[in-house]
Amino acid sequence: MITLRTFLMAMVVTLSATAAIPANAQTLDTIKKRGVLIVGTKADYKPFGFRDPSGAIVGFEPDMAKEVADKLGVKLQLEPVVSSNRIQFLQQGKIDLMIATMNDTPERRKIVGIVEPDYYASGVNIMSNKKAALKNWEQIKGQKICGIQGAWYNKYVAETYGAEIVAFTGTTEAQSALLQGNCIGWVYDDTAFAGLLSEPKWAGFEMSLPTIKEEPWGLAVKLEDLDGPWGKFMHDMLVSWHKSGHLIALEKKWHIPPSPYLAELHDKFK
Amino acid sequence: MNLQPIWGWFRALHDATGINLTIFYDPFDRARFFDGFLTSIRLMAVCIVCSVVIGVIGAWIQGSRLRVLRLPTQGYIQFFRNTPPLVQLYFFYFAVGAYLRVSAGNGLTTPLVSNFTWAAICLSFWAGAFNVEIFRSGIEAVPRETLEAAESLGYSRLKAYVYVILPLAFRISLPALNNNLVNLIKTTTIAYAIAVPEMLYVANQIWSDELNVPEMMNVLLLIYVGLVGVLVLIMTRIERILRIPGYMP
């Protein structure tokens, strides 16, 4: 059976290809040699990473990335990522650094190098149609709730509150679906809603539930780089940001409501 | 039947080798992956049946003498064949779906057509457009003399189509139809873009939660190879059963 044998060989090739993980940890040297720092940030997460009218990616996280590139004395290249591909981009070496609104969780620490300390914190909330009159999380049982593919709390909200999560690839699709009434609410980071709810388009919506699952955000390098020079460099960068209050300044610049987490870390490192 | 030992084996496999197949040992992941599998199968079955029916009817209309019938069919084929299926899905779900709404009572409106139904409609029409052309090629390969013979025996156009032309044309079209249906069942994965909880969508959710991307990618690959294999097997069977010994148009 030629076909069976070719098929099996194809499978072996596929399996071994996915098992191979590059083992170099010289990312800092690579960046300096290349003269360009490639950072993965969100491009659909106002005001942390979004596109301005000219199409350029701007926001809180691109500003952080710019600081890093300036400190290294290299050019900055921003690569837009989404929740469901950001970890793979980093693992495959498509990006050197990921600053993409990612929650710092123990599972993720096993596969990417999340650099201490964390740089921000957000919780999970639902932006819902005012007419749905949500008052507590138990009300979403059996209801359709929009979500973003790749968010870790989709499973948590589905399992804990029995909601039916309708997850889309990007925030634009989720927003259209919510505006059209395909779901009564959208489960996402409270920090993202704070920015959105100030826009007139969302006048009929509210964030009426208490925020749950407040978790810090971590920026990440490849796991092999975490204890290498590149991970150390980013660690020092983060400490100096917290010490100088730079992140709080960025928060002000992008009109983000003051986060108690940043104030706490500023005090800790002062 | 107690399947616990099997699930336990996959947990042990994870502990021993790091190969994390949560779809076997985690009850929540298992249930949603199985639901995803069933949703995929349902979507495939609906689309295959509907697209073949659309193909047969469309090909008949294409041979009609009435321009009023032929022109809209031609328009339909051009529309669905010349646009990418993903664009069509977005168009139906976000653009057309926005206007088809019913009131839910509490002041909210809900969509009249669910995302699964949109995916089924869209993919059926998309594959159907190709099927029309596939069946037309089969029909045109049936010798003119055969149709004339049927007509001289008193068959009407419809009867000759159903009893003489179509059975022969169907046999000629089978290899091309086979190709198109294989393509169709693979294309059902794009329904994930409008959040139809089919296999790719569920796998994406699972690997986002469990971070077992290589494992889930391989599982998906194997399942699709298997599903396409089953379809091809059935189609070859049909081809063999329908073979007319000695008939070669």
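Brief remarks follow.
- Taken one residue at a time, the phi angles of segment A:84-92 give Karplus couplings (6.51, -1.76, 1.60, θ = phi - 60°) of 7, 10, 5, 5, 5, 4, 5, 4, 7 Hz. Gly and Pro are set to x.
- Remark: the residue B:86-residue B:35 segment gains 16.1 nm on full extension, using 0.36 nm per residue and subtracting the alpha carbon distance.
- Taking amide H atoms as placed 1.01 Å from N in the peptide plane, the amide H of residue A:123 lies under 5 Å from those of A:190, A:191, A:215, each 5 or more residues away in sequence or on another chain.
- Residues whose placed amide H lies under 5 Å from that of residue A:143, excluding near-sequence neighbours: A:164
- Average beta carbon contacts from partner chains per residue of A:167-177, 10 Å cutoff: 4
- Sorted ascending by nearby beta carbons within 10 Å, beginning with the fewest, B:17, A:160, B:22 become B:17, A:160, B:22.
- Computed [θ] at 222 nm, deg cm²/dmol, the protein assembly as shown (DSSP H ≥ 4; -39,500 (n - 2.57); rounded to nearest 500): -17500 deg cm²/dmol
- For residues of B:186-195, the mean tally of beta carbons on other chains within 10 Å: 3
- Between residue B:247 and residue B:153, the modelled labels are 1.1 nm apart [label points 7 Å from Cα along Cα→Cβ].
- Highest average packing first - B:191-203, A:194-206, Cβ atoms within 10 Å: B:191-203, A:194-206
- Burial order of peptide ranges B:222-230, A:143-151 (average beta-carbon count within 10 Å, highest first): A:143-151, B:222-230
- Net charge dipole, the protein assembly as shown: roughly 1640 debye, given to the nearest 20, about the Cα centre with Cβ charges of +1 for Lys and Arg and -1 for Asp and Glu.
- Above 33 Å, the calculated P(r) of the protein assembly as shown contains 52 percent of its Cα-Cα pairs.
- Here segment A:120-185 is treated with +1 on each Lys and Arg Cβ and -1 on each Asp and Glu Cβ, and its dipole about the Cα centre works out to around 220 debye.
- Extension gain from residue A:32 to residue A:232, taking 0.36 nm per residue of separation minus the Cα-Cα distance: 70.5 nm
- Prolate/oblate/rounded call for segment A:28-105, Cα gyration tensor, a/c under 1.5 rounded: oblate
- Simple label model, 7 Å out from Cα along Cβ direction - residue A:240 to residue A:52, nm: 2.4
- Cα-based shape type of segment A:123-215, given that a ≥ b ≥ c are square roots of the gyration tensor eigenvalues and the cut on a/c is 1.5: rounded
- Amide H within-cut-off set for residue A:167, under 5 Å, with H built and near neighbours excluded: A:147
- Relative contact order, percent, segment A:123-215 [alpha-carbon distance under 8 Å, six or more residues apart]: 47
- Restricting segment B:13-89 to trypsin sites (Lys or Arg not before Pro) that sit in a DSSP loop and have at most 13 other Cβ atoms within 10 Å of their own Cβ leaves B:65.
- Looking at segment A:123-215, the DSSP beta bridges with both ends there are about 55 percent antiparallel.
- Using θ = phi - 60° and Karplus 6.51 cos²θ - 1.76 cosθ + 1.60, couplings along segment A:43-53 (whole Hz; Gly, Pro as x): 10, 10, 10, 5, x, 7, x, 8, 9, 7, x
- In Hz, Karplus ³J(HN,Hα) per residue of segment B:39-45 (6.51, -1.76, 1.60; θ = phi - 60°; x = Gly, Pro): 4, 4, 4, 4, 4, 4, 4
- The slack between residue B:64 and residue B:17, meaning 0.36 nm per residue of separation minus the straight C-alpha distance, is 10.6 nm.
- Greater than 28 Å apart at Cα, pairs in A:110/A:141; A:42/A:213; A:155/A:268: A:110/A:141; A:155/A:268
- Placing unit charges on each Cβ (+1 for Lys and Arg, -1 for Asp and Glu) gives segment A:123-215 a dipole about its Cα centre, and among A:210, A:128, A:148 the Cα reaching farthest toward its positive end belongs to A:128.
Read the figures in this text as sums done on the coordinates, not as results from a lab. Computed from a prediction, not measured in an experiment: that's the story for all the values here. We place every Cβ from the backbone using ideal geometry, glycine too, and count neighbours over all the protein chains shown.
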